[in-house]
Amino acid sequence: MGPQVSRVLLVEDEFMVAMLTEDMLCDLGYEIDLSVADLTAGLQAAATRQFDVGVLDINLRGSLSYPIADILIERGIPFIFASGYTAHGMDARYAQAPTIQKPFTMAALGQTLARALAAREAGHRNETAGPG
């Protein structure tokens, strides 16, 4: 049996960026669970869909995607932010979230997603290990 394919929720409001990101994700071996372009659809998907990792654009036509991130945090689903913002432009509550600067390369996207998924796995291992 081959490696498990991770399913991705992509939240990106710019059509061409979404298409390019989808292509990169597929080339990296990820499966697109759903791609949405606005906050309302992102909130719905984050709360109800089954996926392994999220890629969230921070600014969705003037609405911030932080409420989507909050749902993912609550559900224990890792995510990365993809943004044109610098670290200084981000809400401090999400300073530890993996972030990739636009425009990004496929290699950078793959590395950032791998880091987010590895952090989740490390958290699961620590939870199951129990007190030492």
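Taken together, the values in this text are just the output of simple stated rules run on the coordinates, not laboratory data. In this text, all values refer to a predicted model and were calculated from it rather than measured experimentally. Here Cβ is always computed from backbone atoms with ideal geometry, including for glycine, and neighbour counts include all displayed protein chains.
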Inset, instruction - Tell me the label-point distance for the pair A119, R75, using the 7 Å Cα-to-Cβ offset, in nm and rounded to one decimal. - result: 1.8 nm
Legend entry - Charge dipole (debye, nearest 20) of the chain; +1 at Cβ of Lys and Arg, -1 at Cβ of Asp and Glu: 360 debye
Legend entry - Positive-end residue, segment 7-129 charge dipole about Cα centroid, Cβ charges, pick of L20, I77, A47: I77
Inset, instruction - Output the relative contact order of the chain, whole-number percent, from Cα pairs under 8 angstrom with separation of 6+ residues. - result: 21 percent
Inset, instruction - Could you work out how far apart the two model spin labels at Q50 and A108 are, taking each label as a point 7 Å from the Cα in the direction of the beta carbon, and quote it in nm? - result: 3.4 nm
Legend entry - Convex hull volume per residue in cubic angstrom - Cα atoms of the chain: 122 Å³
